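Structure first, commentary second.
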Amino acid sequence: MSERDKIAAWDRLHTARPLSEWTEETGDVLWWAFPIQEPPYVGSPLDLGREIVITLIVMGKQTTITRDIGGWPGYHTHWTPLPSAWMIEGRAIEAGAIGATAFGRPE
């Protein structure tokens, strides 16, 4: 991989893109809210989470509360792709941190 290709790959992984550029075909990605004050959400806007139903009976009066938990938080505005395991492995091999036999590939 040329130095130019490495820089382009780095840019693809680390350039935050707006929500409007995400499509269903993009799949799961890292979602960011700016300014960054928390770890990214991993997933997609299509994540539904789970519905919970709570029934309370207080002094003979029954109340039912329904809430969605988990799933797409809805406030993230930008995304970056998930890093490629092969790219991470390649960097580790280049740095001498691991041998070239990782992921079952021969040296």
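The values are calculated or read from the model by the stated rules, or taken from the named source; none is laboratory data. Source: prediction; values computed, not measured. So basically every Cβ, Gly included, is an ideal-geometry build from the backbone, and we count neighbours across all protein chains shown.
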**Asked** Of the conditions (1) touching a Pro at 6+ places or on another chain (Cβ under 8 Å); (2) on the phi > 0 side of the Ramachandran plot, Leu13 fails just one. Which one is it?
**Response** (2)
**Asked** Which residues, taken from segment 22-46, are exposed (fewer than 11 other Cβ atoms within 10 Å of the Cβ) and touching a His at 6+ places or on another chain (Cβ under 7 Å)?
**Response** Phe34
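Could you please let me know if His78 is surrounded by 12 or more Cβ atoms within 10 Å (Cβ to Cβ), within 21 Å of the chain's Cα centre (by Cα) and touching a residue at least 60 places away in the same chain (Cβ under 8 Å)?
Numbers: surrounded by 12 or more Cβ atoms within 10 Å (Cβ to Cβ): yes; within 21 Å of the chain's Cα centre (by Cα): yes; touching a residue at least 60 places away in the same chain (Cβ under 8 Å): yes.
Yes.
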**Fill in**
Of those in segment 35-86 that are in contact with a Phe, Trp or Tyr (Cβ under 9 Å, 6 or more places away or on another chain) and of a type in the set (A, V, I, L, M), the residue farthest from Ala8 (Cα to Cα) is Leu48
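Mind listing whichever residues of segment 60-107 are among the hydroxyl-bearing types (Ser, Thr, Tyr), modelled with pLDDT of 90 or more and not in a strand (DSSP E or B)? Even if it seems obvious, please write down each step before you answer.
Here is the first cut: in segment 60-107, the residues among the hydroxyl-bearing types (Ser, Thr, Tyr) are 63-64, 66, 75, 77, 80, 84, 101.
Narrowing further to those that are modelled with pLDDT of 90 or more: 63-64, 75, 77, 80.
Listed by number, the residues that qualify are Tyr75, Thr77.
Could we say that Ile57 is surrounded by fewer than 10 Cβ atoms within 10 Å (Cβ to Cβ) and at pLDDT 85 or above here? Talk me through it step by step, then tell me what you get.
Working: surrounded by fewer than 10 Cβ atoms within 10 Å (Cβ to Cβ): yes; at pLDDT 85 or above: yes.
So Ile57 passes the test.
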**Item:** When residues of segment 1-27 are limited to those that are part of a helix (DSSP H, G or I), of a type in the set (D, E, K, R) and at pLDDT 90 or above, the one farthest from Gly74 (Cα to Cα)
**Value:** Glu25
